[in-house]
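So the structure is just underneath, and the comments pick up after that.
The values are calculated or read from the model by the stated rules, or taken from the named source; none is laboratory data. Every value quoted in this text rests on a predicted model; they were computed, and no experiment measured them. Positions of Cβ are generated from backbone atoms using ideal geometry, with glycine treated the same way; all protein chains shown enter the neighbour counts. Just so you know, the surface numbers come from the protein's heavy atoms only, side chains and all, with ligands and any DNA or RNA stripped out. Shrake-Rupley method; radii C 1.70, N 1.55, O 1.52, S 1.80 Å.
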Amino acid sequence: MSSRLETVPRDILQHIAFLCASSSVFDPPVELLRLLQTSSTIYRSLNVHAAPDLYAHVFSTKFDTLAPLRRYGVTLTDSALATELLNRCRLLRRSHRSDFSDPGLMHDLWTALWMLLESDGLNEHQLSAVNFTDFILKVARAVFGDPTIDHRTDSQILKHIVVWLLCISLPRRKPSVNLDPSTSSPVTAPQSFSSCSVDLDGDAHAVDGDSSYLHGSSTPASNAHVSGYLKCSRPTVPYPSIAAINLAFVIYEATPMKVPYHLPETRAIANASQRSGPTQEDYRAVASYQTPLFADSLPTGTKEQLTSPTSLNPTRSMLHDVQFRDVLKTSDSAAGPDAFHYIPGTMSGVWEGVYRTVNAPIKSETSPSHHNPLVSRVFIKPMQCALTEYICMRSDGQQPPHETDILADEKISSDFLDASRYVAQTEPVQRQAERINSLYDVILLGETLDDHNQAWGGYRFSGRIQKDGIVRLKREAVRPPGHQAEGLWLFEGHFQSRDVVLGRWRITGAPDGDLDHGIFSLGRSLEKWND
């Protein structure tokens, strides 16, 4: 006996199906599935191939849709959105069930990464509704804890995607996410990231002209293909060194830094006793610094509030444009070569954070081939710089200069002839785009502020920032403290959103090879200074 629904006009039946599927933003469209199972006639009328516009409309109610339009200036077809809806429903079901089976795992992890890169808040709430953070932690334990995973031809890209998913999706505030460095889990040990060819500490010369670990993309797996919006491609992500550094800092910060008890309590007490150097108060300020995780800034509110873009408060998806520019530009689109680039003014202001060495156990004198895991040589120091940007623009038809040593003093000095100091201004979006497209160089100059000078010594900074978000700084002491190692301090990092810069540092000409390089985390400070 046929169902009476078969006599309902198709447009009305399709509207009924849409209301069933979109009744709840964060619930799967199971009611639509049940409707399709009513009869073969209804299935033929409402399946994804016969009614792609129905599934495209359902997609728009459950996921963020502004990022593709903003990035590429094109509207995706109904068939593309319908196919992507199926991909994402499959991922959400896998996460909800904690399904780690191999068939389709790479594709579903790629779908999760794409959801996060396009998220203006709603996509992340969808992942949160199916406990994605717990799922990706379990996947990471399986991927990094199973030595047989290396036998896969796509093992490297799989590990790289997992590291990026951990970095973007894990919130520090989630109680169930264990970031205790004493835990033996392969996910919560900073050194474990080296198992996916991510060297946290890096070669001592990694910052000396070789930045491939920052801007190089992973080599795509030879036989791994993924699809999104009906486009098939090989998965590739930025080399995950920055993601690993981000996670490592969060893990290290879980252990509170000890404050030396013998130091003066405050600066006033130190001045009264004519003592220089840091105080307990200064050490507490260093210990209070926390490297932000991207998921900690996840907004709450209605869908309209989550996806409403403003020029002064960029949407969350914009924060991935620079770092994932090579990934996002792989789509066939109308985006030009300068569509994903650094926005002038981002680095202007006060930046504060820490730089440190990575835990490196000391070798025993009696047995130099073995390490004592209970003894390590680690130091943590504060970092501060109040930076000013100087913008180099090219006029119509003028070619940008050839690449030169970005840390060369004479090159920075000569470029000031064509540079102008950055001044924040309000202008139409079209005019901003024209001005940014004519940008070819940003010079950075800065120094530490008085409070840092009194506690830790004064420093001057000079350097550059590239259009792809790579930051290079050279630091020189104004009044070198007695304990300061001789040599030139070089910092090279990348934006991990617009409020934190992560990367590596090294000293040239330092006598101690174990303590002359490490990692740093630099966050934007709300402090103002009179520059």
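Here is a yes/no grid of residues against (1) surrounded by 14 or more Cβ atoms within 10 Å (Cβ to Cβ); (2) out of contact with any Phe, Trp or Tyr (no Cβ under 7 Å at 6 or more places or on another chain); (3) modelled with pLDDT of 50 or more:
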position: Ser155; (1), (2), (3): yes, yes, yes
position: Trp164; (1), (2), (3): yes, yes, yes
position: Lys174; (1), (2), (3): yes, yes, yes
position: Asp208; (1), (2), (3): yes, yes, no
position: Leu214; (1), (2), (3): yes, yes, yes
position: Thr236; (1), (2), (3): yes, yes, yes
position: Ile242; (1), (2), (3): yes, yes, yes
position: Val259; (1), (2), (3): yes, no, yes
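Can you tell me how many residues in the range 97-125 are open to solvent by 10 Å² or more (accessible area, probe 1.4 Å), among the hydrophobic types (A, V, I, L, M, F, W, C) and without any contact (Cβ under 8 Å) to a residue 60 or more places away in the chain? Walk me through it before giving the result.
Filtering the range 97-125 for residues open to solvent by 10 Å² or more (accessible area, probe 1.4 Å) gives 97-107, 110, 114, 124-125.
Now narrow it down to the ones that are among the hydrophobic types (A, V, I, L, M, F, W, C): 100, 105-106, 110, 114.
Adding the requirement that they be without any contact (Cβ under 8 Å) to a residue 60 or more places away in the chain leaves 100, 105.
Of the residues in the range 97-125, 2 are open to solvent by 10 Å² or more (accessible area, probe 1.4 Å), among the hydrophobic types (A, V, I, L, M, F, W, C) and without any contact (Cβ under 8 Å) to a residue 60 or more places away in the chain.
Residues being charged (D, E, K, R) and either touching a Cys at 6+ places or on another chain (Cβ under 6 Å) or closer than 21 Å to Arg44 by Cα (or both): count how many of those fall in the range 14-31. Lay out the reasoning, then the answer.
Initial filter on the range 14-31 (charged (D, E, K, R)): 27, 31.
If we keep only those that are either touching a Cys at 6+ places or on another chain (Cβ under 6 Å) or closer than 21 Å to Arg44 by Cα (or both) too, we end up with 31.
Residues that pass the stated criteria total 1.
Which pairs do you get when a residue that is more than 14 Å from Pro171 (Cβ to Cβ) and of a type in the set (A, V, I, L, M), found in the range 126-144, comes within reach of a residue that is surrounded by fewer than 20 Cβ atoms within 10 Å (Cβ to Cβ) and modelled with pLDDT of 90 or more, reach meaning Cβ atoms under 7 angstrom, with the pair 6+ apart or on two chains?
Within 7 Å, the pairs are Val130/His96.
This table checks each residue for (1) at pLDDT below 90; (2) farther than 27 Å from Val354 by Cα; (3) surrounded by fewer than 17 Cβ atoms within 10 Å (Cβ to Cβ).
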site: Ala254; (1), (2), (3): yes, no, yes
site: Ser276; (1), (2), (3): yes, no, yes
site: Tyr289; (1), (2), (3): no, no, no
site: Thr300; (1), (2), (3): yes, yes, yes
site: Thr307; (1), (2), (3): yes, yes, no
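Counting just the residues of the range 311-344 that are open to solvent by 30 Å² or more (accessible area, probe 1.4 Å) and under 12 Å from Asp120 (Cα atoms), which one comes out modelled with the lowest pLDDT?
The selected residue is Asn313.
This table checks each residue for (1) modelled with pLDDT of 75 or more; (2) within 22 Å of the chain's Cα centre (by Cα).
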| position | (1), (2) |
| --- | --- |
| Thr346 | yes, yes |
| Gly349 | yes, yes |
| Tyr355 | yes, yes |
| Ser364 | no, no |
| His370 | no, no |
| Ile380 | yes, no |
| Gln384 | yes, yes |
| Met393 | no, no |
